[in-house]
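Reviewing the structure listed below.
Coordinate-derived values only; no laboratory data. Because the structure is predicted, anything quoted here is derived from the model rather than measured. Please note: Cβ atoms are built from the backbone with ideal geometry, for glycine as well, and neighbour counts cover all protein chains shown.
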Amino acid sequence: MNIVEYRLVPDTELVMLLKKGDQLAYSEIYKRFFGILQAFVYKRLRDEDEAKDILQELFTDVWLKREDLEIPALSPYLYRAVRNKMVNRMVHREVEERYMQSIANMMEHDSIMTDHLIREKELAARIEKEVNLLPKRVREVFLRSRQANKTYQEISDELNLTKQSVRTYAKIGLKILRERFKY
């Protein structure tokens, strides 16, 4: 059969020839359906490049899977296949968008957390600096009370001070720090 005669071959016979690996039958199917399928896809997607990509994928699949294809009617088969490819493409795009959004959200969250951790470290350094500037006895009581979580009685025993003196030094330390951290 020559190239001109393929234009006259019915779809069902073209499918049988395609299944046998006839490249001219494949070319004829491509010529018959590419334009109309492209219009069909473009009408729905409004993206010419994407329409061509989908059709390229469709016709590549038709050729690669030609031996296993069960095609009772060529036109409905191609329309259904191209519609499925469009749906898959849209679902894939939606998944990509959600993934990109989750990455953006994660990066924003990480940025906020990093900023928070930096501020926390800066505040801790400032507190440490201010505590170190407290008078000696006040600093000793404050550190044992706040950092070592010792009771006033335990501090009193360690420093040989009265419990009331420990309480007074702790209050003085807090008062000084509150004053220094006012904005």
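Summary of values
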item: 11 Å tail of the calculated P(r), the range 133-183, as % of Cα pairs; result: 63 percent
item: Acute angle (nearest 10 degrees) that the helix 74-132 long axis makes with the longest principal axis of the chain, alpha-carbon atoms; result: 10 degrees
item: Cα gyration tensor shape for the range 112-160, rounded if a/c is under 1.5, else prolate or oblate; result: oblate
item: C-alpha long axis of helix 48-64 to longest principal axis of the chain, angle in °; result: 60 degrees
item: Helix axis angle, 163-180 relative to the chain longest principal axis, alpha carbon, degrees; result: 50 degrees
item: ARG93/LYS129 FRET efficiency (R0 45 Å; Cβ-Cβ; nearest 0.05); result: 0.25
item: Trypsin sites (Lys or Arg not before Pro) lying in DSSP loop within the range 64-103, provided at most 12 other Cβ fall within 10 Å; result: LYS65
item: Projected area, mean over directions - the range 98-183, Cα convex hull, nm²; result: 7.5 nm²
item: Cα-Cα pairs of the chain separated by more than 24 Å (percent); result: 65 percent
item: Calculated over the range 3-88: convex hull of Cα atoms, volume per residue (Å³); result: 88 Å³
item: Modelled FRET efficiency - R0 30 Å, HIS116 with GLN164, Cβ distances, 0.05 increments; result: 0.15
item: Candidates THR60, THR114, THR151: whichever shows maximal mean-square fluctuation once the chain is modelled as a Gaussian network with Cα springs under 10 Å; result: THR151
